[in-house]
Structures are given as C-alpha cells and as structure tokens.
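Scroll down for the structure; my scribbles are underneath it.
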Amino acid sequence: MRSELHDPLPARPSPAEQGHARMDSATRTLTQPDLADTPSAAPSAPDPTLPEAAPPSLAPIPRDGYIKHYEIIRALVKHRLLGTDHRWRVEHCGGCRGDQFARAASLGVMISLPPFQFIYWGDVLDGTMFPSEIGRQWVQAGGAMKTGAPVSFHNDGCVSPPIPLLNVQSMVTRRTPSGTLHGPEQAVILHDALLAHTMHAAHHLKRDNDLGSITVGKLADFVELSADPYAVPIDRLVDEVKVNGTWSNGKRVDLAAFMDQIAKYPPIGAKQQARVAALKRCC
Ligand SMILES: [Zn+2]
C-alpha cells in the first residue's frame, strides 16, 4: 500500500507547464520541452463502485495493521481517490511524537515539518511554554525520518521568513539562533535535511518529475550557491553559503524588480485571492 502511494508517476508535464524551460541532456543548456515525446498516460480513474465495507486484498498485514490500512482505503474511496497517486501528508506536526509519525508512515502518509517553530520559538518552548522533556523535543525531525517516510521541511511564510539553509542548519545542529541546544537526539544528517527541502518537498507536491533536483528533463528552476554545503562546518552553513541567484524558467530572477512588484500588489487583492482559493477543493 505504502509503496503504491509513493511510486512517482511517469514524467507527464501539465498543460500549464508547456513551454517551461527544461534542462537539456546534450548541452546542459536550457531548452524548451518537446512535449510530443512525453507519455500521456493518466492515472486510472477511481472506481466508485468499490464497496466501502470490503477493502481490496493486500499482502498479509498484522491485525492492527489491517485496521490502519482499512482506514486509509475508506478515505481513498470516500474521496474517490482509490487507484490514483494521491499523496497524503500531515503538516506542521511541531509537537508530534515518534509513535505518531510511525503511524502516519504505516498508513503511507508523508510528513512535512516546520523547522521555523524550533528556530524562532525553541528557546521559549523548552522549559517556559512546556516542560523541557516536551519542549526540547519540538520538531522531532530525527524521529520522523527514522520512520522511512519522505519528510519535508517548510516555512509558513506569513509568520516566518523562508530561509531554507537556516532550517537545514538548525535541524542538523539542533541549536536555535541563541546557540542553545535542544533535543540533540532529534538531529538529522545534512544530506537528509537537504533532501527535505528539495526532493522530498517536490515528491509531496507530486512535482518530483519537474522539481527537486538539477536533472535532465526537469524544469530549469534552481539556485546558485556561493559554496558547497557539504564543504563548510554545519554550524557555519548560513554564514558561509549564500544564495548568489535564483533561476526560474531558465531565467535569472531580478530580485529587486520582484520585490517592487510585490510591494505594489494591493493587500485587498491578496485577501480576495485567498477567498477564491479557499473555495477550490482538490477532491
Ligand atoms: Zn506549517
């Protein structure tokens, strides 16, 4: 069950992405995609006639595991998603425990964690808002990754500046910007932290065929860093690795012009856009 949910679909650019620049294999320069060569197979349509009371036969599952799988199959049927590559995930999860992450993983549910909560409020969470045995464990990245589920990191842009390298550094060192160590047993290795901000984040969004790595055929969206993250001391990552530039659709983003554009956007327009988005549902 879990592997079915995690298996990526074949490369299949959406119509909206037609014309987006992709990485070219021969020259490693940026070219327009040839969509005629891409497979067009869509996931099989959900079968609404499947009975809710009788889950499809699965490989031998322990009694309690059967119940867990039955729960998610019922949810898939209810939302007409059975037979699709729908990817479930739990988000935020700042206070979740290892056993809760393990349960999510057993159901094929992926995990997205908020390092920013640890970074900005970790010193207060540990010992002030909560007893230290709870607060120091905030954002249990180590426990989440041990489940084997793809784990991503995210920022909530409305309450924290999105600084991926700071997220990475903090989850590896388990130190807040004050320098205080909280729950070192929840530390992760650098490679896994980088995956959480690249490949796994793309996988969660079902964009792993387009994003997440600099790979031939994927979209030409990437950043240029001033140094190799693996070659600097991890506690100096933010100080020694700078983002030299961001490329989108094969073109370097003019950051100053981008920020000007945002500043001119009326806040009332953003509110209306949010209302429209809230009315749209994926299922
Ligand atoms: Zn969040």
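Would you check if residue 209 is at negative phi, part of a loop (DSSP other than H, G, I, E, B) and not acidic (Asp, Glu)? Criteria met by residue 209.
Scanning segment 101-119 for residues that are part of a helix (DSSP H, G or I), of a type outside the set (A, V, I, L, M) and either within 14 Å of the chain's Cα centre (by Cα) or modelled with pLDDT of 95 or more (or both) yields 115, 116, 117, 118. Going by what's in this entry, would residue 230 be described as touching a helix residue (DSSP H, G or I) at 6+ places or on another chain (Cβ under 7 Å) and not β-branched (Val, Ile, Thr)? It is true that residue 230 is touching a helix residue (DSSP H, G or I) at 6+ places or on another chain (Cβ under 7 Å) and not β-branched (Val, Ile, Thr).
Table: residues versus (1) surrounded by 18 or more Cβ atoms within 10 Å (Cβ to Cβ); (2) closer than 18 Å to residue 237 by Cβ; (3) within 16 Å of the ligand (Cβ to nearest atom).
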position: 103; (1), (2), (3): no, no, no
position: 107; (1), (2), (3): yes, no, no
position: 126; (1), (2), (3): yes, no, no
position: 136; (1), (2), (3): yes, no, no
position: 148; (1), (2), (3): no, no, no
position: 174; (1), (2), (3): yes, yes, no
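Put simply, of 248, 213, 160, 178 the only residue that is small (Gly, Ala, Ser) and within 16 Å of the ligand (Cβ to nearest atom) is 160.
Restricted to segment 245-271, and to residues that are of a type in the set (S, T, N, Q) and either exposed (fewer than 11 other Cβ atoms within 10 Å of the Cβ) or part of a loop (DSSP other than H, G, I, E, B) (or both), which residue is modelled with the highest pLDDT? Per the criteria, the residue is 249. Checking each residue in segment 163-172 for being at pLDDT 95 or above and within 16 Å of the ligand (Cβ to nearest atom) picks out 164, 166, 167, 170, 171.
Could we say that residue 103 is among the charged types (D, E, K, R) and touching a Gly at 6+ places or on another chain (Cβ under 7 Å) here? So residue 103 does not fit the description; no. Being under 16 Å from the mean Cα position of the chain (by Cα), of a type in the set (Gly, Ala, Ser) and in a helix (DSSP H, G or I) is the filter here; which residues of segment 143-167 pass it? The answer is 144, and nothing else.
The values are calculated or read from the model by the stated rules, or taken from the named source; none is laboratory data. None of the values given here were measured: they were computed from a predicted structure. All Cβ positions, glycine included, derive from the backbone under ideal geometry; neighbour counts span all protein chains shown.
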